[in-house]
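Report on the following structure.
Every number in this text was worked out from the coordinates using simple rules, so none of it is lab data. Note that the structure is predicted; figures quoted are calculated from it, not measured. Using ideal geometry, Cβ is built from the backbone for each residue, glycine included, and neighbour counts are taken over all protein chains shown.
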Amino acid sequence: MRVAGFTFIKNAVQFDYPVVESILSVLPLCDEMVVAVGDSSDATRELIRSIPSNKIRIIDTVWDPTLREGGAVLADETNKAFRTISGHPDWCFYIQGDEVLHEQYLETVRQAMLQWKDHREVDGLLFKYKHFYGSFDYVASSSDWYRNEIRIIRHDPNIYSYRDAQGFRKDNDQKLKVKAMDAFIYHYGWVRPPQTMMDKKRNFGNYWGGDRVDDSFLKTYSGEFDYSQIDALEKFTGTHPRVMKERIDRMNWQFTYDLSYNNLSLKDHFKNFMEKWTGIRPFDYKNYILLR
């Protein structure tokens, strides 16, 4: 079985992306890792080159300024990396620059790829998600956060990154048919120093807001990010991936959250109740077709 990894990144140093940890976390499963390094204003390329592995292949890209609306440039960069994968791998493992695979799931993922490798009706494999917020001690618990997403796909020219690169589609906007795995991706996109978090949100407003970025927008996204404005969190009681240890050890800001408080909507309370009693969470958006 041959597996190729792929990702994209830009200004990882400036905005404190754990992209090195992301890449290292999936390298044990990959024979190749394609990294699309965008036209950065910092030392991102040097950072990727510093990773001690001969599996990594950098492609240099320029982000298209005409694809700002709705984050379409993120899908474009994802597709650039995907389209330059060499050979004919059985699977392609996509990882974003703020996502990390815990080493405890490596064998689970490997076995799933082997199990479904020759079942051509399976377009991809589905991960569960933990979204960390504010610090490495809390995870988001409302339905505003996606609970599952595809991160392993076939090396199929008909598959492409969808919208803002959260998921994938094929042919004429068809959802992929996937098998679920009992494995989590740890998403650390909302765990940064408060000033860096605000800088990152302000920067990404340029790619999400299209031409609507004006003085009012820039004023709103100034100062430090206020992590307290969140509807509901849960305490994280597990362990973090080993590759995250150094980053966690050097965390230099404080964030605490009153777990007795939540601002969940009535819909979220209903979803939580139904999931508790039936194991099914109704009404959640699914960017895929789950094969049973």
### Message
7 Å from Cα along Cα→Cβ at both Thr196 and Asp90: what's the point-to-point distance in nm?
### Response
3.8
### Query
Using 7 Å Cα-to-Cβ label points, what is the Gln174/Asp144 separation (nm, one decimal)?
3.6
### Under the Karplus curve 6.51 cos²θ - 1.76 cosθ + 1.60, θ = phi - 60°, whole-Hz ³J(HN,Hα) for the range 121-136, x wherever Gly or Pro sits
6, 8, 7, x, 10, 10, 9, 7, 10, 10, 9, 7, 9, x, 8, 7
### Message
What distance in nm separates the two pseudo spin-label positions at Tyr285 and Lys235, each 7 Å out from Cα along the beta-carbon direction?
### Response
3.3
### Query
So, counting K/R as plus one and D/E as minus one, what does the shell of residues with Cβ under 12 Å around Val100 add up to?
+1
#### Entry: Rel. contact order, % - alpha carbon contacts under 8 angstrom, at least six apart, the chain
21
### Query
Near the amide H of Val13, under 5 Å away, which other amide H atoms are found, from residues 5 or more places off or on another chain, if H is placed in the peptide plane?
Ala43, Thr44
### Query
What trypsin sites (Lys or Arg not before Pro) does the range 145-186 have in DSSP loop regions with at most 16 other beta carbons within 10 Å?
Arg147, Arg163
### Task
Would you grab the residues whose amide H sits under 5 Å from the one on Ala36? Only those 5+ places off in sequence or on another chain, please, with H modelled 1.01 Å from N.
Thr7, Phe8, Ile9, Ile59
### Query
Calculated from DSSP H runs of 4 or more alone, at -39500 (n - 2.57) each and per residue, what is the 222 nm mean residue ellipticity of the chain, nearest 500?
-7500 deg cm²/dmol
### When each of Lys80/Lys117; Lys117/Lys201; Lys117/Lys235 is checked by Cα-Cα distance, pairs over 30 Å
Lys117/Lys201; Lys117/Lys235
### Query
Antiparallel DSSP bridges in the chain: what percent, to the nearest 5?
45
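Magnitude of the Cβ-charge dipole of the chain, K/R +1 and D/E -1, about the Cα centre, nearest 20 debye?
Computed about the Cα centre, the dipole is about 760 debye.
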